[in-house]
1. In debye, nearest 20, what is the charge dipole magnitude of region 1-108 about its Cα centre with +1 on Lys and Arg Cβ and -1 on Asp and Glu Cβ, if you could check?
2. Once Lys and Arg get +1 and Asp and Glu get -1 on their Cβ, which of Leu41, Phe107, Ile206 lies farthest toward the positive end of the dipole of the chain?
3. Taking a 1.4 Å probe, which of His65, His80, His37 shows the most accessible area, and what order do the others take after it?
4. Of the accessible area of the chain, with the probe set at 1.4 angstrom, what percent is carbon plus sulfur?
5. Excluding residues fewer than 8 places away in the same chain, name every one of the lysines whose C-alpha is closer than 30 Å to that of Lys184.
6. With +1 on each Lys and Arg Cβ and -1 on each Asp and Glu Cβ, and nothing else charged, work out how big the dipole of the chain is about its Cα centre, in Debye to the nearest 20.
7. Check the straight Cα-Cα distances from Lys26 and name the lysines below 24 Å, setting aside those fewer than 8 residues away within the same chain.
8. Per q in 0.12, 0.13, 0.16 1/Å, what log10 I(q)/I(0) does a Debye calculation on the alpha-carbon atoms of region 1-95 return?
Amino acid sequence: MYRFLLSRQWVILTLVALVLVPTMIKLGFWQLHRHEHKVALNTVISDSLAAKPVPAETLTAPGRHIRHDDLYRRVSAEGHFDTAHEEVVRRRTNSDGEVGYHVLTPFVLTDGRVLMVNRGWVPADGAQTAFPKIPAPERGEITVTGRLMADQTTADSGIKNVRGLPDRQVMLINSEQQAQRLGKEVLGGYVEQTAPRPRGDSPELIPDPEHSDIGPHMAYAIQWWLFSAGVPFGWVVLVRRERRDRAEAVSAAAETAPEEEAEPASV
């Protein structure tokens, strides 16, 4: 009755179904893990932004990686900006989606160590090979406050750290590379400046990250699991339909066979 399952067509169809089911289940758990990661990150962001600023030196040091729980933590630092070694980070967008640069300025602490500060976004008005015009920060000894961020890497961001870029331009903010460039001790990670605010409209400070939306990952996980359940159900439906069609074909053939035998032989 079910010998048709041994045919080449049905063997291939069954193997495809056997591969699809665990694949879809795995994709569902992948989306679930993304959902859990998003929820955990939103909690970290919310807690960090609500906390009072602490000295940056208490959370980072030269060569140290920023802890996950310290991401977006509000920190402060005392010192002065070193605009002579200022760089820009290419291909960065503002809240309106305009492409420009992030201004990366070394902030020399009172003990001589350096904290890299992202002062905000400026537009790319001229050629991409030219260094943009950037308003100067406040001079002298000041206190800077901002959000503590981890070093950017190609693995985390997907952005390639291109070589041969125009002078004073980089693709990623990385404290180890900055330490090699400056020849000084640079604290791990960097800070997105929130205060003091620039006197004009530029650089445009980077807004707080969105942390209320958990995204569609849980819905995607449920969809994948429903799909995985639908594969065996669909396979059973197809098998029963094939069995019924074959049974009807056999029955029809049996009904026409006696009529053909009753016909007289032609002379």
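The values are calculated or read from the model by the stated rules, or taken from the named source; none is laboratory data. No experiment lies behind these values; they were computed from the predicted model shown. Heads up, the Cβs are rebuilt from the backbone with ideal geometry, glycines too, and the neighbour counts pull from every protein chain shown. Quick note on the areas: whole protein, heavy atoms, side chains included, nothing else; ligands and nucleic acids left out. Shrake-Rupley method; radii C 1.70, N 1.55, O 1.52, S 1.80 Å.
1. Using Cβ point charges on Lys, Arg, Asp and Glu, region 1-108 gives about 920 debye.
2. Value: Phe107.
3. If we order His65, His80, His37 from most to least accessible, we get His65, His37, His80.
4. C and S atoms contribute 56 percent here.
5. Lys52, Lys133, Lys160
6. 580
7. Straight-distance partners of Lys26: Lys38.
8. The Cα Debye sum returns log10 ratios of -0.70, -0.76, -0.96.
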